[in-house]
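Here the structure comes first, spelled out in structure tokens, and everything after it is commentary.
The values are calculated or read from the model by the stated rules, or taken from the named source; none is laboratory data. Quantities reported herein were computed from a predicted structural model and do not represent experimental measurements. In this analysis, Cβ positions are derived from the backbone assuming ideal geometry, glycine residues included, and neighbour counts consider all displayed protein chains.
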Amino acid sequence: MTGFRVDPDALREAVADLKKARMRITGVLRKARDIKPAELTAGDQATQAFKDEIQKRATGDVGSLEVFTKELVKKLDAKIESYEETLREYGALDEAASVDQTRANQQA
């Protein structure tokens, strides 16, 4: 037989694992938004600049933890959707094959 086979149970397990990973990453995203260098209490300009840099590294526009986690969640969402679509297609094909087999058995 040509083509490939789908192990639906393994694929469902992979989807569940990816959803768990997405949930953990979403938690990291929430924590990144809450990062505040509160222990830096000096009010001088250098300390304030350092606090600003820490905040940018956590939630800035480029290269921040927030940007990284958002991109990772997007990739996980795409992979989850792809796997779920494969499961739907496999289910539809499996159902069609069962109907065809039933018809063939009835005609025999």
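See the values below:
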item	result
Test: residue 61 is modelled with pLDDT of 80 or more and not in a helix (DSSP H, G or I)	yes
Boolean, residue 12 is of a type in the set (Lys, Arg), at pLDDT 85 or above and surrounded by 11 or more Cβ atoms within 10 Å (Cβ to Cβ)	yes
Candidate set from the range 22-80 (those that are of a type in the set (S, T, N, Q) and within 30 Å of residue 11 (Cβ to Cβ)); member that is surrounded by the most Cβ atoms within 10 Å (Cβ to Cβ)	69
Which listed residue, of 78, 49, is closer than 24 Å to residue 93 by Cα, small (Gly, Ala, Ser) and assigned to a helix (DSSP H, G or I)	78
Residue 6 in contact (Cβ under 8 Å) with a residue 40 or more places away in the chain, surrounded by 11 or more Cβ atoms within 10 Å (Cβ to Cβ), outside any loop (DSSP other than H, G, I, E, B) and out of contact with any strand residue (DSSP E or B) (no Cβ under 6 Å at 6 or more places or on another chain)	no
First in the range 17-35 and modelled with pLDDT under 90 and among the acidic types (Asp, Glu), second anywhere and assigned to a helix (DSSP H, G or I) and surrounded by 11 or more Cβ atoms within 10 Å (Cβ to Cβ), Cβ under 9 Å, 6 or more apart	34/58
